[in-house]
Amino acid sequence: MIRSTMIFALLFSFASASWADERTQKTIEARQGLLKVVAQYFGPIVGMAKGQIPFDAALIEKNAGKVAELAPMITDLFAQDTSASDYATEAKADIWADYEDFSAKAATTTERANALVAATAEGRGATMKAFGALGSSCKSCHDSYREKK
Amino acid sequence: MQSDQRPQLIWDLPLRLWHWALVVCLAGSWVTAEAGFDWTTTHFYFGYSALALVLFRLAWGMLGTFHSRYTSFLASPKTVIAYLRRKNPSEPARGHNPIGGWSSIIVVVLVGLQASSGLFISDDIFYAGPYNSVVNTSTADWLAGWHHRLFTLIQFTVLLHILAVSWYTWGKKEGLIQAMFHGRKMLPRGSTEEAVSEDRGLRALLLLIIAAALVATLVYLAPVPEYEFY
Ligand code: HEM
Ligand code: HEM
């Protein structure tokens, strides 16, 4: 009896540990997926800024709008503290030490993506300036909260 | 004794200019890497210049004057060991000593790897080396890791280099650092056979132009990344 209880307890703890682990892994994968999607919409605007593809204000307006919709999801998907996990991630534990600041950085990205949408009505110069500001908001969060490779 | 020594040309002008240009490129790459987003384009230009300088040095190691050539200073392991074991402070080396010779090519290779790895990496936001799009993300991340680690190694190597040449200059009074400026070392009167008699400036200029053109071609031939449109 005691023996089988012990075995049961052991199995249960393994199961719950691996369940927690799976949840963590899923969350981390979802985050990374989200940021890949962000980059996917961001990409063509990079190409335009570098002159690799023709400037297209309508496309920038559309893609910047998507980035503005996606950026608030960063705050959602990072809410769970995964710093104890050893699943491969570049997210720093500092995120959860100062989640307010992290969220503020995501909010800045949302704001600047919206500002980029607005700037597309004002010509190329204003658009690219707003795009530069958006890019440095990504950079600002990465500098503080993303591990260097 | 003193009157027996006279200054003789050891480092040709192209090699000296190359050395200080490399210092400028590395310092520039470092500062611009730390300075953030707006400086990344400048970082690339310093990096391309460093790459061109590396190519130049490899060519100059075959086509330069005597003490710039690899055959004159890459010593056999035996010589290096003997040099390390020597008891009496030997006569100052004319060109590189056996350790200095090997460290010179090691630094050149390290800088070459550093700049080459840069060609493939990206900050995942805006800036990407010209060949970032030809490798997959995990390869690019792996190379970016090396771009960071190698630089730490280069910093360490350069620190060691500066300590070593300072020791030879102020400890052993061999005038090594001065020689990297004016090219001359004090050598016994009789030993003219190893002195360098010309700078080969025109040849160096030509080689530098070729090296720069190679790097520029490499950059311009890079494929345009494919972007997704929805
Ligand atoms: C010998 C020349 C070079 C040196 C010493 C050098 C040094 C560095 C250093 C120290 C960093 C790290 C900055 C940080 O930790 O935030 C860096 C980042 C970077 N370098 Fe270089 N670099 C060189 C050449 C190049 C070249 C030729 C390219 C591309 C054309 C390049 C592209 C990059 C990029 C894209 C980053 C940002 C990577 C990231 O954000 O993860 N570098 N470089
Ligand atoms: C970014 C920093 C530096 C780098 C990458 C560097 C690299 C090199 C390399 C590659 C050589 C070998 C020359 C050759 O190819 O034949 C060399 C030689 C030399 N460097 Fe530097 N150097 C740096 C900074 C300095 C500084 C700050 C000094 C002076 C304080 C200095 C003094 C010398 C001297 C005296 C030699 C000749 C050594 C000998 O006689 O064997 N270097 N350096």
**Message:** List the residue pairs whose Cβ atoms are under 9 Å apart, where the first residue sits in the range B:4-20 and is without any contact (Cβ under 8 Å) to a residue 24 or more places away in the chain and among the hydrophobic types (A, V, I, L, M, F, W, C), the second is part of a loop (DSSP other than H, G, I, E, B) and within 10 Å of ligand 2 (Cβ to nearest atom), and the two are 6 or more positions apart or on different chains.
**Reply:** none
**Message:** Checking B:Pro223 against (1) touching a residue at least 40 places away in the same chain (Cβ under 8 Å); (2) surrounded by 14 or more Cβ atoms within 10 Å (Cβ to Cβ): exactly one of these is not met. Which one?
**Reply:** (2)
**Asked** When you look at B:Gly101, is it within 16 Å of ligand 2 (Cβ to nearest atom) and farther than 21 Å from B:Tyr45 by Cα, yes or no?
**Response** yes
**So A:Ser136, is it surrounded by 15 or more Cβ atoms within 10 Å (Cβ to Cβ), free of Cβ contacts under 8 Å to residues at least 12 places away in the same chain and either over 30 Å from B:Thr139 (Cα atoms) or over 13 Å from the mean Cα position of the chain (by Cα) (or both)** = yes
**Item:** Test: residue in the range A:81-94 that is part of a helix (DSSP H, G or I) and touching a Ser or Thr at 6+ places or on another chain (Cβ under 8 Å)
**Value:** yes
**Request:** Consider B:Ala50 carefully, then state whether it is away from every other protein chain (no Cβ under 14 Å) and more than 10 Å from ligand 1 (Cβ to nearest atom).
**Result:** no
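So which of A:Val46, A:Val67, A:Val38 ends up being surrounded by 13 or more Cβ atoms within 10 Å (Cβ to Cβ), in contact with a Cys (Cβ under 9 Å, 6 or more places away or on another chain) and at pLDDT 95 or above?
A:Val38
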**Residue satisfying all of: in the range B:73-90; more than 16 Å from the chain's Cα centre (by Cα) and in contact (Cβ under 8 Å) with a residue 24 or more places away in the chain; most open to solvent (accessible area, probe 1.4 Å) among these** = B:Pro89
**Prompt:** Among B:Gly112, B:Gly129, which is the only one that is near ligand 1 (Cβ under 10 Å from one of its atoms) and under 19 Å from A:His142 (Cα atoms)?
**Reply:** B:Gly129
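The values are calculated or read from the model by the stated rules, or taken from the named source; none is laboratory data. Quick caveat, the model's predicted, so the values are computed rather than measured. Neighbour counts run over all protein chains shown; Cβ positions are idealised from the backbone, glycine included. The protein model used for the area step is the full one, side chains on, heavy atoms only, and it has no ligands, DNA or RNA in it. Shrake-Rupley method; radii C 1.70, N 1.55, O 1.52, S 1.80 Å.
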